[in-house]
Each structure stands twice: as C-alpha cells, then as structure tokens.
Amino acid sequence: MTTVIAFIFMFGLLVFIHEWGHLIFAKRAGMLAREFAIGFGPKVFSFTRNETLYTIRLIPAGGYVRVAGEDPEIIELKPGHHIGVEFNEDNKVNKIIVNNKDKHPNARVIEVERVDLDHDLIIEGYELGDEDTKLTFHVDEKAFFIMDERETQIAPYDRQFASKTPAQRAMQLFAGPMMNFVLAIVIFIIIGIAQGTPVNEAKMGEIVDGSPAAEAGMVEGDEVIRINDTPVSTWEEFTSIVRESPASELQLTFVRNGQEEQVMVTPNEVESVNEKGEPIHMGQIGVYPAYEKSVLGTLTYGFERTYETTKLILTNLMMLVTGQVSIELLSGPVGIYDATDQIVQTGFWNFLLWTAMLSVNLGVINLVPLPALDGGRLLFVGIEALRGKPVPPEKEGLFHFVGFALLMLLMIVVTWNDIQRLFL
C-alpha cells in the first residue's frame with residue numbers, strides 16, 4: 001500500500017507539473033485552454049474554473065491540456081441548421097442551443113444562413129415564422145454552445161492555438177518539459193537542505209560496518225589524497241580507481257587531523273552492469289561521501305544534479321538510438337512501478353531523489369522530436385518559422401497519428417519486457 005500511494009503521488013506530481021506548465025503559458029498567450037486532464041479515458045472527477053475544465057481520468061498513463069484550435073471543433077453550424085439563441089444584458093448571443101431547444105423556452109429559434117464565430121462573431125438567419133426578415137445577431141466572445149445540455153465555450157480565432165506567433169506556440173509547448181526540469185531542481189535543492197551536499201574532495205562520510213574501509217580502520221572525515229602512486233583530489237577520482245580495482249589491494253594515503261596516514265584496503269568484488277547493459281565486476285570499499293550544508297552549495301547542487309542527470313539520460317538515449325544498448329533495457333509503467341517499490345523500501349529521501357530523476361527523464365523524452373510528443377510539435381513550429389508558413393494541418397496530423405500509433409506499439413513491447421523480467 002505504501003508503494004501504491006508513493007507511485008500515485010509521484011505520477012500525479014510529475015504529470016501535474018508538466019501539464020501545468022502547458023496550461024499557464026497557454027493562458028498567458030491568450031489561448032482558450034478547454035481542458036486540463038490528469039490521466040486518460042473516462043472522467044473520475046471534474047470541475048470548471050476560469051474557462052477550463054479540470055479532470056482526473058481513469059487510466060493513469062499521462063495527461064494533457066486541450067487548447068482550442070489544436071483539434072477540429074466538435075460543433076459546427078451550417079446553413080439550414082435550426083438553433084436556439086439566448087442573449088445577455090448587452091443583447092449579444094451568449095448561448096447557442098444546438099439541440100433540445102424545447103428545454104429552453106426563452107430561446108429564439110432561427111434558421112442559420114451564415115455563421116462566423118472565428119472573426120466577425122455573427123450569426124445571420126431567419127426567425128422561424130418570419131422567413132422574410134433577415135436578422136443579424138452579434139455573438140459574445142465567451143458565448144457557449146449547448147448540445148445535449150452540455151456547455152462548450154466558443155473559440156474565436158484570436159483564442160486559438162494557430163493564431164499565436166511561432167514564439168508563443170513554441171513557449172507553450174516547451175513549458176511542460178521546462179517545468180519538469182524546474183521541479184527536479186527544486187527537489188534536489190530540498191534534498192540538499194535536508195541532507196547537505198556532497199563535498200568535492202575525496203573525504204569520507206559514513207563508513208559501512210564490516211566493510212573493507214571499516215576493517216582497515218578508516219573513519220568519517222578522513223580525506224584520501226593518494227591511491228598507490230596516483231594523486232587523488234576529488235571524490236570522482238577516488239571512486240573511479242576503487243571501482244576499477246575489484247579484489248586488488250590498494251594503498252590509501254589520507255589526511256586525519258592534519259597528519260598523513262596510510263592503510264591497505266582490498267575492495268570487495270560486486271556485480272553490476274555497464275551503460276550497454278553488459279555485466280561487469282567492480283570494486284567497493286563501503287564508504288559514502290562527506291556532506292556539508294551551505295546556501296550557495298545547496299543552490300548549486302540543485303542545478304548541477306539536474307544538469308548531470310540530463311546529460312546521463314541523453315547519453316543513454318543516444319546509445320539506444322545507435323544500437324549500443326538493447327530496447328530490452330527500456331522500462332515502462334510496470335518497470336517504473338517495480339523500481340519505485342524497491343526504492344520506497346530504502347527511505348523517503350531516496351524516493352524523492354528517484355522522483356527528481358524521473359522528472360528530468362520526462363522532460364528530456366518530451367523534447368525528443370518524435371510524433372505526438374512536445375518535441376515533435378515543436379519541430380513543426382520550427383519548420384513553420386523557417387518556411388514562413390505552416391505545414392498543412394492534414395500532413396502534420398497524419399505524422400502525429402502514425403507516430404502515436406508506433407509509440408503505443410513501443411509501449412506494449414516495453415510493458416511486455418517489464419512483465420517478463422518480473423514473472424518469467
């Protein structure tokens with residue numbers, strides 16, 4: 001149950017922050033954000049606020065912000081349609097009743113001759129029973145369609161996604177991944193405030209009981225300056241040599257209380273995998289880095305960890321694209337849940353660290369120029385900026401449709417691999 005709650009919290013936080021970025025910048029650009037959704041499928045919970053419908057949906061596989069103009073409008077009025085219209089205090093149409101007009105006794109029923117709800121915001125037609133008099137009705141920019149007793153706000157062209165400049169559209173698309181990076185920075189800073197940040201020097205923090213370092217007599221605060229004849233000045237240099245020396249005796253020279261001392265340590269040999277997923281043997285002596293607490297160090301740590309995590313994910317992604325690592329190493333929701341289960345058992349701070357890393361991963365993956373992802377849509381905005389005109393909507397739509405189908409197929413394959421690793 002703890003893992004379930006942790007997974008729901010983590011998933012909800014990552015998706016909420018991502019979609020919130022899209023929503024905020026859509027509204028800042030003047031776009032009509034019709035829906036802010038967490039999950040897909042049937043609605044579980046919903047409410048409307050400031051023109052936007054907020055929903056939680058049944059299938060926890062992502063989320064979306066539906067902006068007017070990104071998809072064809074569901075309701076389209078054509079000449080010959082009979083509609084009901086109601087008016088506000090300014091004598092503008094504020095409700096357009098598409099069907100069930102008998103449920104709106106105060107509505108005036110007209111036969112549509114011409115309608116323009118994109119630019120002129122007018123409806124021209126004839127009131128039933130008086131076909132000789134042509135009427136022109138001005139429509140409020142925030143009027144609603146009412147169909148099957150459900151309200152849908154109209155979207156004049158200046159509220160639609162396509163009406164905005166390439167820069168505004170690009171920012172709205174980029175905002176989701178950007179917020180994932182911001183979330184990661186904030187989480188890393190919180191971890192740094194609570195636990196401190198690792199020092200750059202090869203200084204010992206916690207020593208694991210029974211480890212080679214403990215058996216050699218090393219204590220917290222010892223700073224390694226040399227391994228055999230190789231000078232050591234950073235924690236990365238220290239751990240690199242140790243990892244490359246499984247079961248090999250090493251002479252460690254360290255400083256304790258201002259005095260140099262030496263010990264002989266033989267790293268334990270442990271199994272692991274390299275970046276290609278191949279099994280390797282590496283050395284461990286059972287020490288953790290030392291930590292310190294400072295305001296500047298904590299802030300720097302948040303940005304540095306986010307940068308390093310981004311670089312690692314990009315490296316692994318390139319290795320996947322070039323075939324250096326197998327697709328079998330990819331994990332989907334099942335694999336992430338299993339990893340979350342294991343990490344939750346190690347403590348809250350490790351879980352928070354895992355959340356930050358997944359947030360960076362979500363940000364990076366969404367910026368990859370693949371169909372149906374933010375990166376794929378940014379690609380088309382970039383092409384438009386270079387060409388001076390947009391790509392035809394039907395071509396872009398086909399690109400995203402085919403790409404989305406392939407992504408769903410990949411998700412099925414990855415999920416099957418996760419299940420095999422767990423149960424077979």
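The values are calculated or read from the model by the stated rules, or taken from the named source; none is laboratory data. On a predicted model such as this, the values are computed, not experimentally measured, just so you know. Positions of Cβ are generated from backbone atoms using ideal geometry, with glycine treated the same way; all protein chains shown enter the neighbour counts. Just so you know, the surface numbers come from the protein's heavy atoms only, side chains and all, with ligands and any DNA or RNA stripped out. Shrake-Rupley method; radii C 1.70, N 1.55, O 1.52, S 1.80 Å.
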Check: What percent does the relative contact order of the range 1-145 come to when contacts are Cα pairs within less than 8 Å and at least six residues apart?
Finding: 15 percent
Notebook entry, point to check: What is the Cα centroid distance between the range 81-110 and the range 1-74, reported in whole angstrom?
Noted result: 31 Å
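Packing-wise, with mean Cβ within 10 Å as the measure, how do 391-404, 150-163 rank, highest first?
Values: 391-404: 13.4, 150-163: 16.9.
My ranking of the peptides, most packed first, is 150-163, 391-404.
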Check: Between their Cα atoms, which of Lys27/Lys103; Lys203/Lys311; Lys43/Lys101; Lys43/Lys311; Lys142/Lys164 are more than 30 Å away from each other?
Finding: Lys27/Lys103; Lys43/Lys311
Check: Over the range 161-241, what is the relative contact order in whole percent, taking alpha-carbon pairs under 8 Å and six or more residues apart?
Finding: 23 percent
Next item on the list: Using R₀ = 45 Å, calculate the FRET efficiency as 1/(1 + (r/R₀)^6) where r is the Cβ-Cβ separation of Glu244 and Ala167; round to 0.05.
Entry: 0.40
Margin query: With the crude spin-label approximation of a point 7 Å out along Cα→Cβ, what separation in nm comes out for Asn268 versus Lys311?
Written below: 3.0 nm
Note to self: Could you compute how much accessible surface Tyr291 exposes when probed at 1.4 Å, giving the result in Å² to the nearest 10?
What the structure shows: 120 Å²
Check: Counting only the backbone N, which residues of the range 101-122 are under 11 Å from the spot 7 Å out from the Cα of Leu135 toward its beta-carbon?
Finding: 107-112
Next item on the list: Determine the share of the range 182-232's accessible area contributed by carbon and sulfur atoms, expressed in whole percent, with a 1.4 angstrom probe.
Entry: 50 percent
Checklist line | Share of pairwise Cα separations in the chain, more than 31 Å, in percent | finding: 56 percent
Notebook entry, point to check: Counting pairs of alpha carbon atoms under 8 Å apart in space and at least six apart in sequence, what relative contact order in percent does the chain give?
Noted result: 13 percent
Checklist line | Per residue, in Å², the accessible surface of the range 223-264 once ligands and nucleic acids are set aside, probe 1.4 Å | finding: 59 Å²
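Given a Förster distance of 45 Å, report the FRET efficiency between Val186 and Glu127 from their Cβ-Cβ distance, rounded to the nearest 0.05.
The computed FRET efficiency comes out at 0.15.
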Checklist line | Spin-label model distance (nm) - Glu237 vs Val321, 7 Å beyond Cα toward Cβ | finding: 3.4 nm
Next item on the list: Leaving ligands, DNA and RNA out of it, report the carbon-plus-sulfur percent of the accessible area of the range 346-424 at a 1.4 Å probe.
Entry: 76 percent
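How many Å² of accessible area per residue for the range 34-187, probe 1.4 Å?
On the way: 8440 Å² over 154 residues.
Value returned for the range 34-187: 55 Å² of accessible area per residue.
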Notebook entry, point to check: If R0 is 51 Å, what FRET efficiency do you get for Ala194 and Asp116 from their C-beta distance, rounded to 0.05?
Noted result: 0.30
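Out of the total accessible area of the range 37-139 (probe 1.4 Å, heavy atoms of protein only), what percent is carbon and sulfur?
Details: 3050 of 6290 Å².
Here carbon and sulfur together make up 49 percent of the probe-accessible area.
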